[in-house]
1. Of all residues being over 13 Å from Val357 (Cα atoms) and among the polar types (S, T, N, Q) in segment 302-327, which is surrounded by the most Cβ atoms within 10 Å (Cβ to Cβ)? Just the residue, please.
2. Take the residues in segment 220-238 that are in contact with a helix residue (DSSP H, G or I) (Cβ under 6 Å, 6 or more places away or on another chain) and within 9 Å of the ligand (Cβ to nearest atom); name whichever of them is nearest to Gly191 (Cα to Cα).
3. Would you say Glu157 is part of a loop (DSSP other than H, G, I, E, B) and within 16 Å of the ligand (Cβ to nearest atom)?
4. Just give me the residues in segment 412-439 being buried (at least 16 other Cβ atoms within 10 Å of the Cβ), away from the ligand (no atom under 14 Å from the Cβ) and not assigned by TED's automatic domain parsing to the domain that holds Trp389, in sequence order.
5. Within segment 160-174, take every residue that is assigned to a loop (DSSP other than H, G, I, E, B) and surrounded by fewer than 24 Cβ atoms within 10 Å (Cβ to Cβ) and give me the one that is nearest to the ligand (Cβ to nearest atom).
6. Checking the condition out of contact with any helix residue (DSSP H, G or I) (no Cβ under 7 Å at 6 or more places or on another chain) and surrounded by fewer than 15 Cβ atoms within 10 Å (Cβ to Cβ), which residue from Ala344, Ala371 passes?
7. Could you grab me the full set of residues in segment 209-219 that are in contact (Cβ under 8 Å) with a residue 60 or more places away in the chain and either within 15 Å of the chain's Cα centre (by Cα) or within 6 Å of the ligand (Cβ to nearest atom) (or both)?
8. Is one or more of the residues making up segment 101-109 out of contact with any Phe, Trp or Tyr (no Cβ under 6 Å at 6 or more places or on another chain) and either buried (at least 24 other Cβ atoms within 10 Å of the Cβ) or within 29 Å of His197 (Cβ to Cβ) (or both)?
Amino acid sequence: MTAYTILNPATEQPVTTVPGTSAAETDAAIARAEVAQRSWRAVAPGDRASLLRAFAAKVDAHGEELAQLEVANSGHPVGAARWEAGQIRDVIQYYAAAPERLTGRQIPVAGGVDVTFAEPLGVVGLIVPWNFPMPILSWGMAPALAAGNAVIAKPAEMTPLTAIRIGELALEAGLPEGVLQVLPGKGSVVGQRLVDHPAVRKIVFTGSTEVGQQIMAGCAKHVKRLTLELGGKSANIVFADSDLEQAAATAPYAVFDNAGQDCCARSRILVQAAVLDRFMELLEPAVKDVKVGDPALAQTEMGPLISAGHRASVARYVPDNAPVAFRGSAPDGPGYWFPPTVLAPVGFDAPAYTDEVFGPVVTVTPFEDEAEAIRIANDTPYGLSGSIWTGNVGRAIRVARAVEAGNLSVNSHSSVRYWTPFGGFKQSGLGRELGPDALDAFTETKNVFISTQA
Ligand code: NAD
């Protein structure tokens with residue numbers, strides 16, 4: 001077990017050290033989870049629900065502590081961190097209603113009775129990225145537990161602090177030992193072991209498309225169940241008949257939220273050519289108004305990037321000769337800061353246009369008509385989210401149906417509500433999380449025929 005240091009991305013100062021879990025320790029945790037799961041699935045549905053409600057209440061009582069941990073560990077503005085702590089409570093609360101509702105079906109057959117059961121899978125491995133440590137942990141954890149599985153969560157190396165605390169709160173709330181374990185450490189050690197170990201029956205992976213592809217190949221060896229939430233390069237499509245002021249005022253937040261480290265970031269703004277100049281005039285002050293700075297302050301809207309390495313990778317998309325239309329501000333001094341940056345005009349083959357930058361960089365591209373907007377929006381291997389701005393309800397529905405993405409928003413930029421399904425088309429993912437059907441991803445359907453002829 002080698003301990004490693006967690007840095008505050010806004011100050012570059014050490015926050016704490018965290019033990020790195022070894023492969024042997026991961027195997028031991030999997031063995032504990034197998035034992036714990038056999039008891040957990042046998043807990044009466046009403047009792048399982050009540051333990052999950054106690055867990056949600058415990059998270060609620062520690063909401064401010066969790067938010068402050070995220071500010072220190074991830075540099076999220078405190079307002080956003082409070083929302084994230086609230087979301088983990090809400091997701092647990094929502095799925096706490098599931099154990100008593102996990103019904104099967106009775107299907108008419110000759111000579112007997114046919115019923116289906118939703119059986120838990122066993123041990124589920126969650127591999128979580130660093131960009132939204134709390135919400136993404138909860139999306140897999142809560143429905144998996146509600147369905148009677150044991151969960152092993154591996155937070156990202158750089159952002160394990162809230163996950164570790166949530167694991168402790170689960171025990172304090174009365175969840176049995178071994179039902180939820182949090183193992184900080186390396187993806188290549190802990191994550192890989194969860195993928196390779198035959199007793200882990202499902203992996204929920206959120207992260208880059210590149211690592212997702214490796215994990216899918218690893219899961220294939222055991223025909224292991226898999227949910228993937230991967231990258232994005234989403235379009236924000238602005239038609240000339242939209243409320244242009246509103247579209248321009250909100251566009252910065254649709255991409256610079258969480259400093260652009262958001263899989264749903266609308267990082268390609270597509271604007272109908274007839275209103276491009278006016279849109280740019282409106283966008284410039286909106287971008288310059290984004291409040292970038294100390295994440296501990298309530299008024300801050302954008303914090304730093306997660307690490308020096310990540311800032312260097314984002315900066316490569318904005319070389320000295322980049323077509324910068326305008327930029328917002330960022331603090332000097334310590335911290336991994338990068339200003340909100342708008343690039344235009346940008347070629348369709350420019351890396352800033354094609355790649356998921358995962359930083360506060362957005363491109364603006366004109367289009368002529370609806371058909372061209374749809375073609376450009378879909379010309380990417382990704383398909384996670386997107387927005388459509390128009391005053392024409394027919395066009396809103398036509399374009400929403402035509403864009404190949406899992407989560408679309410009309411005249412708004414909403415992305416994740418825990419009670420609606422979330423996930424990606426194409427290389428943005430596989431399967432759906434959240435919403436009323438998430439339990440399906442953590443259960444196997446078993447069909448049982450009972451003869452009435454005997
Ligand atoms: P990443 O792929 O580098 O890492 C994600 C997680 O996988 C980490 O916990 C890491 O330790 C682990 N990991 C790395 N290599 C592994 C391996 N070989 N085996 C098992 N686990 C391994 O991604 P990241 O940089 O942490 O996160 C950013 C990416 O996540 C972006 O591409 C972003 O779009 C994506 N993301 C997607 C969604 C979504 O819902 N679609 C949400 C958030 C983030």
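1. Ranking the candidates gives Ser307 first.
2. Leu228
3. So Glu157 fits the description; yes.
4. Correct list: Leu439 only.
5. Applying the filter and picking the extreme gives Ala173.
6. Answer to the selection: Ala371.
7. Thr209, Gly212, Ile215
8. Within segment 101-109, one or more residues are out of contact with any Phe, Trp or Tyr (no Cβ under 6 Å at 6 or more places or on another chain) and either buried (at least 24 other Cβ atoms within 10 Å of the Cβ) or within 29 Å of His197 (Cβ to Cβ) (or both).
The values are calculated or read from the model by the stated rules, or taken from the named source; none is laboratory data. Note that the structure is a prediction, hence the values are computed from the model and not measured. Positions of Cβ are backbone-derived with ideal geometry, glycine not excepted, and every protein chain shown enters the neighbour counts.
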